[in-house]
1. Percent relative contact order of the range 98-202, based on C-alpha pairs within less than 8 angstrom and at least six residues apart?
2. What is the spin-label model distance, in nm, from ALA259 to ASP185 if the labels are put 7 Å beyond Cα along the C-beta direction?
3. So for the chain, averaging the separation of alpha carbon pairs under 8 Å that are six or more residues apart and normalising by length, what relative contact order in percent results?
4. Suppose every Lys and Arg Cβ carries +1 and every Asp and Glu Cβ carries -1, with no other charges. What dipole size does the range 20-159 come out with about its Cα centre, to the nearest 20 debye?
5. Suppose accessible area is computed on protein heavy atoms with a 1.4 Å probe; arrange ASP41, ASP46 from highest to lowest.
6. When the solvent-accessible surface of protein heavy atoms is calculated with a 1.4 angstrom probe, in what order do TYR91, TYR264 fall, highest first?
7. Hey, what's the chain come to in accessible area per residue, 1.4 Å probe, Å²?
8. From the helices alone, meaning DSSP H stretches of at least four residues, give me the mean residue ellipticity at 222 nm for the chain, per-run term -39500 (n - 2.57), in deg cm²/dmol to the nearest 500.
Amino acid sequence: MKGVCTFFIVLLLSGCSTVRLVYDNADTYIHWRATHYLDLDGEMADELDERIAAFMAWHRAQALPKYALLLEDAGRRFEKHLTPADLVWGYDSIMPQVKESLRMAAVQGAPLLDRLSPAQIANLERRLAEDNRRFARENLKGSEREQRKRRTERNVERLEDWVGRLTKAQVERVAQYSERAPLLDALRDRDHKRLQAEFLAMLRAHEAKKRLPDFAANYDRGREPAYSAAIEASRKEFYAMALDIDRTLTEQQRQRALAELRRYAGDFRSLSGRR
């Protein structure tokens, strides 16, 4: 179910010109990812398509209008320059949307998951193990310096998608954030495995319908205290960086980001069928 959330995050981070194309093919993408993990065929595959369609209908009608409102509000705040309260508002506004979508995806998927065979659950376990190995290869390799350098490069790329080319001083501020904030990937890797173990136990007990919606919506419950503390420390450093970058944006950079926010809001309204 977290793959559903990942899909919509990718949607938000992709180029605005691709939003409609990506969203209109969301059902195909989710089906492909689900069958990769679950090895479904026949009636179960048909039922999966029906459940994906029901989730997408809910998401289009209920979630997209909220995304549009959130982005419009974000644009108004960003236009006047960011404050610490704006950043807290952004996080506190986004997370309920993420959790609501995860809960609804779980509600749709749970009845199907409760009928998985031992062989299908074993296939899912193998796929998750492959994901873990891939995550380690891509994120845990190299020294601490190399990992921080990769984080700087990722954050520069994401910021430049929104505001255009960063100045040398802005890039240096991103690098400073990467040096100051704790590295999270090793902790994230352990947390992934914790969640996977709980999820697989739930499926083997055929308790997805009973437990999965709450589990999906509260995936952060039960984290290691060290991981929670590191996330909070990283968030504070990110907020400080964002405020510093905001103060140094040129008018051209600010207008480009505003245009991106407005296009996203317009696309989400259009896709939801509302004006």
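1. Contact order relative to length: 32 percent.
2. Placing both labels 7 Å along Cα→Cβ, they lie 3.4 nm apart.
3. 35 percent
4. 920 debye
5. Largest to smallest exposure gives the sequence ASP41, ASP46.
6. TYR91, TYR264
7. Result: 54 Å² per residue.
8. -27500 deg cm²/dmol
The values are calculated or read from the model by the stated rules, or taken from the named source; none is laboratory data. Every value quoted in this text rests on a predicted model; they were computed, and no experiment measured them. Cβ sites come from the backbone with ideal geometry, for glycine too, and all protein chains shown count toward neighbours. Accessible surface is based on the protein model in full, side chains and every heavy atom, while ligands, DNA and RNA are left aside. Shrake-Rupley method; radii C 1.70, N 1.55, O 1.52, S 1.80 Å.
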